Each structure stands twice: as structure tokens, then as C-alpha cells.
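Asks: My questions will all concern the structure given below.
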Amino acid sequence: MWHRHWPALAALAFVLAALLPWFVPAAPAPRARHVEWPQQWDGRALRPLAQSAVEQRFAARFPGAIGRFTDGQRVIVLRRVNTPTRMLHPAADCFRGLGHRLGAVALERDARARLWRCFESTAPDGQRLRVCERIEADDGTSFIDPSSWFWAAALGQSSGPWQAVTVVEAL
């Protein structure tokens, strides 16, 4: 008898399978556990800085850890993630979102031969900044943009955890 009803039973099974994600709670995004942030950056001692309200809201949803520091001359933002995520986005997006005008984008090598993506930013109040960023992996690979990092990480071509570094200094 059931052989007459198998098409209806199969359709019901497919509908239930399609609806299942609506009833099963999504697993929370993996967060980095306690992170031991560096005590210095490029030979300069780091002091922790408080996060702004906007940064706190973003950090609450970020699937990793975020640390904000100063070396007395620059602000260094470190973001640590253990798995690929689209929430690790370019600093340029943040600055544009805050109303900054961007210009003078360039790739630069520092004294240690690390490659950085840098740009100049002008805040709505006229303050000019120089912003440089890169992503470093524990396996030694590095990236200058989150998109290339994401695909390399997602496809297993780079293994984490990863640390995105953004350095901001006044011009």
C-alpha cells in the first residue's frame, strides 16, 4: 500500500528537510578564546586602548578577538580569527563608513620587507591619516586584502589562526 503513496511521502520529506534550518538554532560563530596580545609592535611598547561604542558593537558580533593599542605615535588594531569569515573586511570600508574620504592607495614594503596596503584618509573634521593593513597567518603566509585571505583560508591554502593588523598614524 505504501508504494502508492511514496511520491507524496518523498515530497513531504523534502519539504521537512527544507524547513529544518528554520527550526534548528544556528551554531554561534566561533570566537577566538583568550588571546595573548603582543606587548610590543616593531620594537615599540604597546598600551591597550578602550574601544569606542561603535567598535564594541562590532566586536560583540565579530567571530574572533579585537585589540586596540597605541605605541605612543600610532594606533594599532589587531583582529584575530581562527576560521575564515566575511566579517574580516578592509579598513577602507570602516573609514568610508565613518565619512572619511580616501586617497593615495599604494602597496608598500616596510623596513622588515613586509608588504602592506596603505591609503590616506581625510576625516570629516579635516584630520588626515595614513592607514596600512595586512593579514598574517601562523603558517607564515600573509595577505594585503581580506578577499584574497578569505579564499586562501576557505580553500585550505593558508592555515590559521590569522591576525589582521591595521596601523593608523596622523599625517
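Asks: Within the range 60-101, what residues put their amide N at less than 17 Å from the label point 7 Å along the Cα-to-Cβ vector of residue 148?
Replies: Under cut-off, by backbone N: 89-92.
Asks: Something else: Need one number: nm distance between label points at residue 98 and residue 86, each 7 Å from Cα along Cα→Cβ, rounded to one decimal.
Replies: Inter-label distance under the simple model: 2.4 nm.
Asks: Find, among the trypsin sites (Lys or Arg not before Pro) in the range 74-144, those assigned to loop by DSSP (not H, G, I, E, B) with at most 12 other beta-carbon atoms within 10 angstrom.
Replies: Here the sparse-neighbourhood loop sites are 86, 112.
Only the coordinates and a few stated rules stand behind these numbers; no lab work does. Here the structure is a predicted model, which means the values were calculated and not measured. Please note: Cβ atoms are built from the backbone with ideal geometry, for glycine as well, and neighbour counts cover all protein chains shown.
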